[in-house]
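Remarks on the structure that follows.
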Amino acid sequence: MKSMTLKTYGPESEFEVVDIPDPTATPGHVVVRIEATSVNTIDTMIRNMGSDLPLSPALPAVLGMDFAGIVEEVGDGVSEFDVGDEVYGCAGGLMELQGTLAELINADARLIAHKPKSLSMREAAALPLVGITAYEGLTRAGVSEGQTVLVQGGSGGVGHIALQIAKHLGADVTATGTGSAQMKLMSDLGAYPVDFAATPIEEYVTTQTGGTGFDVVFDTVGGPNMTKSFEAAKLNGHVSTTVALLELDLTPVHFKGLSLHVVFMLLPMMHDVGRETHGAILKLLAELVDYGAVKPVLDDTQFSLSQVGAAYVRLASGQAVGKVVINV
């Protein structure tokens with residue numbers, strides 16, 4: 001089968017067309033013919049940093065985590081999927097797991113689910129990693145009806161799904177971004193949009209919460225921005241973050257009694273612990289999508305498998321509005 005393979009790591013490394021053996025279904029796995037895959041920030045980090053990240057595959061490497069496609073072969077012990085089923089998931093692209101920048105993948109059946117019926121393959125491929133991350137961040141923080149939720153980075157991959165799920169759970173959602181396109185997207189998805197570049201934190205905390213702070217802050221920006229999330233949260237509130245790779249003074253967390261939740265959804269894939277949880281979340285997300293509560297937003301620019309490098313550039317540029325998807 002055709003794959004796009006990296007033979008070196010680094011920002012200037014190039015993907016090469018390489019023919020690799022077709023996979024066969026091992027016990028507990030299914031072989032899926034990939035129709036589409038999406039690019040996530042972690043994919044670009046692996047390409048750029050290589051062995052500096054403990055989850056990077058050995059070279060030569062086939063990256064890519066998300067996919068949607070059609071089951072071609074079912075391994076022993078798999079009863080929930082049949083040949084011809086349309087499925088989606090996040091099941092490769094790190095450590096020893098072959099990625100989705102290829103025509104076929106031997107995917108752990110615990111990491112996938114039946115594709116939402118109302119989504120195209122491209123749309124379904126955009127959802128797994130960001131959808132699972134958003135769901136974990138909100139549920140670990142206990143988001144419920146009537147609460148106030150702030151999504152930092154509400155137009156991003158995780159953010160735009162998180163604000164939709166929070167709305168479905170009955171929360172009053174505020175989301176931060178900047179620029180007219182991001183403001184419109186967040187508003188269209190049901191959140192109160194805030195331009196963080198033009199609006200001080202205390203202003204929108206006062207406007208949206210009466211000055212008490214948000215019940216839950218979902219920070220998809222991370223880094224130094226976490227201090228802003230601490231400032232925006234109410235006393236004894238919750239902060240979920242997807243980017244906690246830094247040294248940070250937690251004094252504000254202590255004096256506000258905050259609960260801090262670090263979401264790293266790749267752990268089940270990395271350690272083969274609790275992988276069935278991902279399959280269960282994907283099944284629930286498919287139900288939310290088909291119910292009309294959640295829909296992934298895709299960037300208008302389309303890429304073929306041979307244009308992977310350009311797709312990575314598009315995501316890194318910050319110009320994409322919605323998920324960057326590659327047609328396989």
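The values are calculated or read from the model by the stated rules, or taken from the named source; none is laboratory data. Since we're looking at a predicted model, the values are computed, not measured. Methodologically, a virtual Cβ is constructed for each residue, glycine included, from the backbone with ideal geometry; neighbour enumeration extends over all protein chains shown. Side chains included, ligands, DNA and RNA excluded: accessible areas come from the protein's heavy atoms. Shrake-Rupley method; radii C 1.70, N 1.55, O 1.52, S 1.80 Å.
Please identify the pairs in which a residue from region 186-213 that is free of Cβ contacts under 8 Å to residues at least 24 places away in the same chain and under 24 Å from residue 295 (Cβ atoms) has its Cβ atom under 6 Å from the Cβ atom of a residue that is open to solvent by 30 Å² or more (accessible area, probe 1.4 Å) and not in a loop (DSSP other than H, G, I, E, B), counting only partners at least 6 apart or on another chain.
187/193
Residue 111 passes all but one of (1) surrounded by fewer than 22 Cβ atoms within 10 Å (Cβ to Cβ); (2) within 15 Å of the chain's Cα centre (by Cα); which number fails?
With (1) surrounded by fewer than 22 Cβ atoms within 10 Å (Cβ to Cβ); (2) within 15 Å of the chain's Cα centre (by Cα) applied to residue 111, the lone miss is (1).
Testing residue 96 on (1) surrounded by 24 or more Cβ atoms within 10 Å (Cβ to Cβ); (2) closer than 27 Å to residue 50 by Cβ, one condition comes back false. Which one is that?
Here residue 96 meets the rest and fails (1).
Checking the structure you have, find out if any residue of region 231-248 is exposed (fewer than 15 other Cβ atoms within 10 Å of the Cβ) and without any contact (Cβ under 8 Å) to a residue 12 or more places away in the chain.
yes
Within region 130-150, is there a residue that is open to solvent by 10 Å² or more (accessible area, probe 1.4 Å), closer than 20 Å to residue 187 by Cα and of a type in the set (Gly, Ala, Ser)?
Checked against the condition, which is being open to solvent by 10 Å² or more (accessible area, probe 1.4 Å), closer than 20 Å to residue 187 by Cα and of a type in the set (Gly, Ala, Ser), region 130-150 yields at least one hit.
For every residue, the table says whether it meets (1) of a type in the set (D, E, K, R); (2) more than 16 Å from residue 89 (Cβ to Cβ); (3) buried (at least 18 other Cβ atoms within 10 Å of the Cβ).
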position: 270; (1), (2), (3): no, no, no
position: 276; (1), (2), (3): yes, no, no
position: 286; (1), (2), (3): no, no, yes
position: 292; (1), (2), (3): no, yes, no
position: 296; (1), (2), (3): no, no, yes
position: 306; (1), (2), (3): no, yes, no
position: 310; (1), (2), (3): no, yes, no
position: 318; (1), (2), (3): no, yes, no
position: 324; (1), (2), (3): no, yes, yes
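Wholly within region 1-77, which strands (runs of 3 or more DSSP E) include no fewer than the required count, namely at least 3 residues that are among the aliphatic types (A, V, I, L, M), open to solvent by less than 30 Å² (accessible area, probe 1.4 Å) and at pLDDT 95 or above?
29-39
Going by the conditions given, is residue 294 aliphatic (A, V, I, L, M) and assigned to a loop (DSSP other than H, G, I, E, B)?
Considered against the rule, which asks whether it is aliphatic (A, V, I, L, M) and assigned to a loop (DSSP other than H, G, I, E, B), residue 294 comes out as yes.
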